[in-house]
Amino acid sequence: MNNQEVRWKQRFQNFSRALVELKSGCELKSYSNLERYGLIKTFEFTFELSWKTLKDLLFFEGFDYNSPRAVIRGAFETKYISERDCEMFLEALTKRNLLVYVYEEKIALEAQESIINEYLPLLLRISDTLSKKQENPVD
């Protein structure tokens, strides 16, 4: 196993751990403001790990993408994500960039709903694809 392969697999482990925390946060029945902001922050770092894991995998496979947008498009081109998921991933990137400055309750509530209903399922699909890739590196 070379360094690039080790790197993407280590990053995938970190992404997987973060995803467990995000999933747990999404299972609450109701949220205090503090819990909601914690959910948003957990989404932010889980999202960050998702695209960086894809970046490391793509680099291991010979592709050199630097920006999150380029990595997401590269993941679509290499068929790690579907066209629908590519669009949702790009939307999540835009939303993540805006969430850094979320102070209004209305925006936080909208973010909570998007994270639970759209972005968690997206990140779970990405995790499933990466897990299969780790188990069967030739595919």
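Given the pairs Lys41/Lys132; Lys79/Lys106; Lys41/Lys133; Lys106/Lys132; Lys106/Lys133; Lys9/Lys95, which span a C-alpha to C-alpha distance of over 32 angstrom in this model? Cα-Cα > 32 Å for Lys79/Lys106; Lys106/Lys132; Lys106/Lys133; rest within. Each of Gln4, Ala75, Leu39 was scored by the projection of its Cα onto the charge dipole of the chain, and the greatest displacement toward the positive side belongs to Gln4; charges sit on the C-beta of Lys, Arg, Asp and Glu. In percent, what relative contact order does the chain have, based on Cα pairs under 8 Å that are 6 or more apart in sequence? Here the relative contact order equals 29 percent. Segment Gln4..Glu91, full-extension length gain: 28.5 nm, with 0.36 nm per residue of separation and the alpha-carbon distance subtracted. Taking the Cα centre of the stretch 28-139 as reference, the dipole from Cβ charges on Lys and Arg (+1) and Asp and Glu (-1) amounts to some 100 debye.
Taking the alpha-carbon centroid of each part, what is the distance from the stretch 87-139 to the stretch 18-47 in angstrom? Distance between centres, Cα-based: 12 Å. When each of Lys23, Lys55, Lys29 is scored by the number of other beta-carbon atoms lying within 10 Å, the sequence from fewest to most is Lys29, Lys23, Lys55.
May I ask for the percentage of alpha-carbon pairs in the chain that lie more than 20 Å from each other? The answer is 44 percent, as a whole percent.
Any read-out appearing in this document is the output of simple, stated calculations on the displayed coordinates, not a laboratory observation. Since the model is a prediction, treat every value here as computed from it, not as a measurement. In this analysis, Cβ positions are derived from the backbone assuming ideal geometry, glycine residues included, and neighbour counts consider all displayed protein chains.
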